[in-house]
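Data block below; observations after.
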Amino acid sequence: MIETYADPEHLARAAAEATAEALAAAISQRGHASLVGTGGRSPAPVYDLLAANDAIAWDKVAVTLSDDRFVPPDSPDSNERLVRERLLVGAAARAAFTPISAPAVSVEAAAQAVEVGVRALAPYDVMLLGMGEDGHVASLIPGSPVLDQGMDSAGTRFCLGIPAGVGSPPLARVTMTMPALLQARLILVLIAGEVKKHVVEGRSGLPVHALLDQAQAPVRILWTP
C-alpha cells in the first residue's frame, strides 16, 4: 500500500502528476474540479509544481483546505497563507479559494461559518493530506476533546472547531471531519521518514488508520525516507 520514492523531489513530482490528472479528468467529465490542500512541509513543493502547470484549466478549479489554524490568514501558522503563496500564483491564481477558517468569536463559530462553503465543494476530486507522528490527519488529533465527534462515521458535520491545547503548535484549529474527508474521490497522503512509515504500518487505531481502513474513498500513501 505504501508507495516509496527516492527523495522528496520524486514524491512531490508524483503527487503533482496525480493531482493534475485527477483535476483534468474531473474538468473533462463534469466541467469543474475541486482540490483540497493541506499545510506542512510535504505539500509545498507539490504546490510549486502545480502552480507552474498552465495545462490545468485553473479557472474551473475550486480549492479549499482539510484544516487550518484559527489564526489570521497572514499568520506564519496559517495554512491558507501557504496555499496563497505557493499554489494560488501564476496560472493557478485563477482558481477559486474557499477558506476553512474565518474571523469569529470562537473556533467553533469559525467552523460553523465555513461549513456551507466547504460542504458545497464536495465531492472533492483530489485531496492532499499529511500525517503527524501521532497519527493525526487534517486536525483530527489524538488527545483532542472533540476527536470522537470528528471521527464519528455517522456525523453530519463537515467542519469542526478544535480547541487549543493539542497539536504542534497547540493552537485552536478548524478541521474537516472524517466523514468530510471521505467525500474525496482520491486521497494522497504524503509522508517522510521511518517514524511515520512505522506509524502507518502499526494499525493501532489512530486517525490515519481509520482513513486507511475504510472502503469509501481511495487512498494512496506516498512515502520517502
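Once the whole set of protein chains is in place, how much accessible area is left on Ser28, using a 1.4 Å probe, in Å² to the nearest 10?
100
Let me check the size of the range 174-225 from its C-alpha atoms; what are the radius of gyration and Dmax in Å?
11.3, 30
Report the residues of the range 162-194 in range of a label on Asp77: point 7 Å along Cα→C-beta, backbone N strictly under 18 Å from it.
Inside the label zone: 162-176.
With only Lys, Arg, Asp and Glu charged, each at its Cβ (+1 for the first two, -1 for the last two), find how big the charge dipole of the chain is about the Cα centre; round to the nearest 20 debye.
Using Cβ point charges on Lys, Arg, Asp and Glu, the chain gives about 340 debye.
Choose one of Leu88, Ala122, Val105: the residue whose Cα lies farthest towards the positive end of the charge dipole of the range 82-186 (beta-carbon charges +1 Lys, Arg; -1 Asp, Glu; about the Cα centre).
Leu88
Using 0.36 nm per residue, how much length does the chain from Ser28 to Arg203 gain when fully extended, once their Cα-Cα distance is taken away? Please list the in-between numbers first.
Numbers: separation 175, 0.36 × 175 = 63.00 nm, distance 3.72 nm.
Fully extending the segment from Ser28 to Arg203 adds 59.3 nm.
Going highest first, how would you order 215-222, 119-126, 178-185 by mean Cβ packing within 10 Å?
Those peptides, ordered most packed to least, come out 178-185, 119-126, 215-222.
If you take the Cα Rg of the range 2-66 and divide it by 2.2 N^0.38 Å, with N the number of residues, what do you get?
With N residues counted in the range 2-66, Rg over 2.2 N^0.38 Å equals 1.13.
How many percent of DSSP beta bridges within the chain run antiparallel, rounded to 5?
Roughly 25 percent of the beta bridges in the chain run antiparallel, per DSSP.
Leaving out ligands, DNA and RNA, and with a 1.4 Å probe, what % of the accessible surface on the chain is carbon or sulfur?
Answer for the chain is 54 percent, counting heavy atoms of protein chains only.
Grab the beta carbon distance between Ala6 and Ala55, set R0 = 25 Å, and tell me the FRET efficiency rounded to 0.05.
0.45
How would the chain be classified by its alpha-carbon gyration tensor: rounded, prolate or oblate, with rounded meaning a/c under 1.5 and the a/b versus b/c comparison settling the rest?
rounded
If one computes the Cα centroid of the range 86-132 and of the range 18-46, what distance in Å separates the two points?
What the calculation gives is 13 Å, centre to centre.
Quick one: among Val166, Val63, Val174, which has the greatest mean-square fluctuation in a GNM of the chain with alpha-carbon springs under 10 angstrom?
The residue with the greatest mean-square fluctuation here is Val166.
With a cut-off of 8 Å between alpha carbons and a minimum separation of six or more residues, what is the relative contact order of the chain in percent?
Working: 484 pairs, mean separation 52.8, N = 225.
Contact order relative to length: 23 percent.
Looking only at the range 23-154, where both bridge partners belong to it, what percent of the DSSP beta bridges are antiparallel (to the nearest 5)?
10
As a test of the formula, what do you get for the chain when each DSSP H run with n ≥ 4 contributes -39,500 (n - 2.57) and the sum is divided by the residue count, at 222 nm and rounded to the nearest 500 deg cm²/dmol?
Values: 8 runs with 78 residues, N = 225.
Calculated mean residue ellipticity at 222 nm is -10000 deg cm²/dmol.
Rounded, prolate or oblate, given the Cα gyration tensor of the range 32-91, with a/c below 1.5 counting as rounded?
prolate
Roughly how many Å² is the accessible area per residue of the chain, as a whole number, for a 1.4 Å probe?
42
The values are calculated or read from the model by the stated rules, or taken from the named source; none is laboratory data. This is a predicted model, so every value here is computed, not measured. All Cβ positions, glycine included, derive from the backbone under ideal geometry; neighbour counts span all protein chains shown. Note: areas computed on protein heavy atoms with side chains; ligands, DNA, RNA excluded. Shrake-Rupley method; radii C 1.70, N 1.55, O 1.52, S 1.80 Å.
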